[in-house]
Every structure is written in structure tokens, then in C-alpha cells.
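> What follows is a structure written as C-alpha cells; I'll ask about it next.
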Amino acid sequence: MESTSTPRISAALLESYTGQNVIIVGKVLQLRGDIAFLESDGQVQANLNRDCHLMVGNGAQIIGKVNPDLTIKVLNAIDLGNNVDFQISQSVVDITHQFKDIFVYADRAGMN
Amino acid sequence: MSTAYGGYSQTTYGAAGGNDGGGFFGGSQSGSQAAKPVNDESLRPVTVKQIIDAEQAFGSDGPFRIDGVDVTQVTFVGMVRQINPQTTNITYRLDDGTGIMEVKQWLDPDKADGESRAAFTEEQYVRVWGRLKSFGNKRHVGAHVIKPVTDFNEVNYHLLEAAYVHLFFTKGGMDTGGGGGNENFVSGGGDDSMFVENNDAAFLKAASVKAKKMFQYLNQSPDSNEGVNIHVIARDTGMSVQDATAAAEELLGHGKVYTTLDDETFAILQGF
């Protein structure tokens, strides 16, 4: 039992979450070495670690920390295949922020 | 005024206890499962944060409540963070992005030891069906079933469903409460009763979910002139008799219903 949240966000919300761990679901646009570009209501640059096996064109979920330059330091990335409804993912991001009382614990730094 | 209502509520409570059996028999004779009050064994989709935040009455023995509703059986989707096989159970730490919760799957000692190995791997999404438990000061979910999530959309689906159920209990369902309900009342008001109907709409906005439910039930019931017994209301709206009684008190206090045949039979106070 641990009351720490990893909020689900999209590219549009990156700025409000610098320094925090977040979950982003998006479509992999490009892989360049250890860097992946995801489309999630805007573009996200994710700096991967070695264990990541993403595929261009597939959906991916990345969990990581938002750097000050709004790139993501990825802690965990999973390939979601090609059957991901990104509209539902976006709805989840929306309701996460609309109903924080059931989805997000206030951050320790007092953000949000 | 208020003292008179206080008197009502006491008699209602007393009589309700005495008649409880009668109400139950009525329900069982009709043999309909749906008409039974929603009991606290119903399965509720939740987020981990809701489990952690759930209130618990009477220290660590009482029932859990989420959004003011008793909850025992829950289902949620989370990512396996840690697997901890023990002699009698496997403990998983599941993270759904809203919090982390321990889930214990008890092992059947009669079965072969192949089962004692965890069937899941870390960083895999699973769905859990289980019962909320608390041990000491720690909460966990005693799993009945854990299944792997094979379609990622189920993760998102679950979060939306949990939000829907949360809103259902806090703001009322799509058909019965909220904006839709108010619209009905305003448009159904006709010309001369407009004022009263608007009043009702304003009241319903501020009313509790239970009161809303009961008001709308009474408003729709055909024989509302003679009134409806509190047990019938409770049965048909799926509330417990206590909840219905509380709703009745609230409605009485606002002058929206009145008692008819006896202290536990209510009818809508029509605006003339």
C-alpha cells in the first residue's frame, strides 16, 4: 500500500509535470538509437534504457521522469502492439485530471 | 417544525427494524433478484487510490466505504511491480498509476506445487478480482482470480469504468440524476406549475444521491397519491431501508414528500 501516483499525461501536459514520474501512452513515430519519439496529443521525446523493445508504428506505454527540457527519462517502456485506441487513452488522461480525487495523489512538492 | 420531524424519524426507525422481515419476504416471494437491495457484496471497479482512501468504520474490523457506499468485492487493473512467493500465498505489488496495492493470492495446499510459482511476470498488466482486507494497519486485496490483461485497451477501459461508477455514486446515474433529470422536470413542468418544478430541480441539484433516487422513484410511481411504503421504496430503488429512511427524512425536511397512511408511507407533495 503506497500512496504515490504516476499520473497518466500527454505531451500537452508535460510542462506541469517536470521532475515527476508520469505515464504516457502514445504511438511510436521514430526510433533513433536510444531515443524514441511518441505521438500523444503532441510529440514526446523519450530517452530509453537498454531493455526497451519498442516498434515504430505500434503503441507504447512509457513510465518515466519528465526532465526540465521536457524529454522523458524512461524507467520502463512496454510495447502495446498495434491495436491501441489512442482516443480512449486521451480520455483517460482527461478524466485523470478532471477527477484527481480518485486518480492522483497530490505531489510531495505541492505541484498540481 | 424540526422537532416534529425528529419525532417522525424515530418512529420510522423503530418500526423499520420491526418490519424488516416483512419487507424481505415480499421481495423473496416475487423471486426477483434485481429488486433486492444492492448488497455490499456487489463487485465494484475501483482505482488503487480509491482503495487506499476508502474509509473504514469501527477501526480495522468494519466494512470499507467508498463514496459513502459499502464495498467488499472489487476489481482493478494494475501493473505487477513485485512478486513475492511465500509458503501459503503469493503477494503481488500492483501499480495502476494511482497508487500501489498488495494483492495476496492464497495457495491451495492440496494442489500440486506447480501452482506455487507465480503465473505472471513483472511489468505485466493484470486484472484482479478480490476482496478488500485489512490486517493490522495495512490493506490488501485477497484475490479470487488474477488474469493477465491481453488487450491494453482494457487498462484504459477499467479506469474509465471506475470513474463512471464513482460519478454514479457521487452525482447519480446518467438516467436518474444530474442534468438529464433536471431537464425532465423543467420540461415536464408545463405552464402553471413551472415555478414549483423549477424549485424541485434546484432542490435535486443540492440533494443527496439517496434523496434524489427516492424523489425520482416517487415521482414516477403511478400510485403516488396513496403513498409508497418505505420498504417498497427501498426494494425498488435498490437502497437499504436505513438509506431510504435517511432519504425520506431529507425529503420531509425540504417539504418534498409527506407521510400518508402511516409514518413509513410517503407520497410526493404535489405543487398546487
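> Suppose we keep only residues that are of a type in the set (S, T, N, Q) and touching a Phe, Trp or Tyr at 6+ places or on another chain (Cβ under 6 Å) within segment A:1-30. Which one would you say is farthest from A:LEU48 (Cα to Cα)?
So the residue we want is A:SER3.
> Filter segment A:88-98 for residues that are open to solvent by less than 30 Å² (accessible area, probe 1.4 Å) and facing another protein chain (nearest Cβ under 7 Å) and give the result. Reasoning before the result, please.
Filtering segment A:88-98 for residues open to solvent by less than 30 Å² (accessible area, probe 1.4 Å) gives A:89, A:92-93, A:95-96.
A:SER89, A:VAL92, A:ILE95, listed by residue number.
> Still on this structure, please answer the following. Can you find even one residue in segment A:104-111 that is in contact with a Gly (Cβ under 8 Å, 6 or more places away or on another chain), over 17 Å from A:ALA11 (Cβ atoms), among the aromatic types (Phe, Trp, Tyr) and crowded, with 20+ Cβ neighbours inside 10 Å?
no
> How many residues does segment B:233-272 contain that are of a type in the set (S, T, N, Q) and out of contact with any helix residue (DSSP H, G or I) (no Cβ under 9 Å at 6 or more places or on another chain)?
1
> Within segment B:251-260, which residues are surrounded by fewer than 19 Cβ atoms within 10 Å (Cβ to Cβ) and part of a helix (DSSP H, G or I)?
Matches in segment B:251-260: B:GLY253 only.
> Within segment B:41-62, does at least one residue satisfy the condition of being over 16 Å from B:VAL141 (Cβ atoms), within 13 Å of chain A (Cβ to nearest Cβ), under 20 Å from the mean Cα position of the chain (by Cα) and at pLDDT below 95?
No: segment B:41-62 contains no residue that is over 16 Å from B:VAL141 (Cβ atoms), within 13 Å of chain A (Cβ to nearest Cβ), under 20 Å from the mean Cα position of the chain (by Cα) and at pLDDT below 95.
> Tell me the residue from B:THR87, B:THR91, B:THR170, B:THR72 that is open to solvent by 80 Å² or more (accessible area, probe 1.4 Å) and either closer than 15 Å to B:PRO45 by Cα or of a type outside the set (A, V, I, L, M) (or both), please.
Criteria check complete, one pass: B:THR87.
> List the number of the failed condition for B:GLN124; all other conditions in (1) closer than 28 Å to B:PHE58 by Cα; (2) of a type outside the set (Ser, Thr, Tyr); (3) open to solvent by 40 Å² or more (accessible area, probe 1.4 Å) hold.
Result: B:GLN124 fails condition (1) only.
> In segment A:73-106, which residues are assigned to a strand (DSSP E or B) and either of a type in the set (Gly, Ala, Ser) or more than 22 Å from A:LEU48 (Cβ to Cβ) (or both)?
Across segment A:73-106, the qualifying residues are A:ALA77, A:GLY81.
The values are calculated or read from the model by the stated rules, or taken from the named source; none is laboratory data. No experiment lies behind these values; they were computed from the predicted model shown. Counting neighbours? That spans all protein chains shown, and the Cβs are built from the backbone with ideal geometry, glycine included. To get the accessible areas, we keep the full protein, side chains included, count just its heavy atoms, and leave off ligands, DNA and RNA. Shrake-Rupley method; radii C 1.70, N 1.55, O 1.52, S 1.80 Å.
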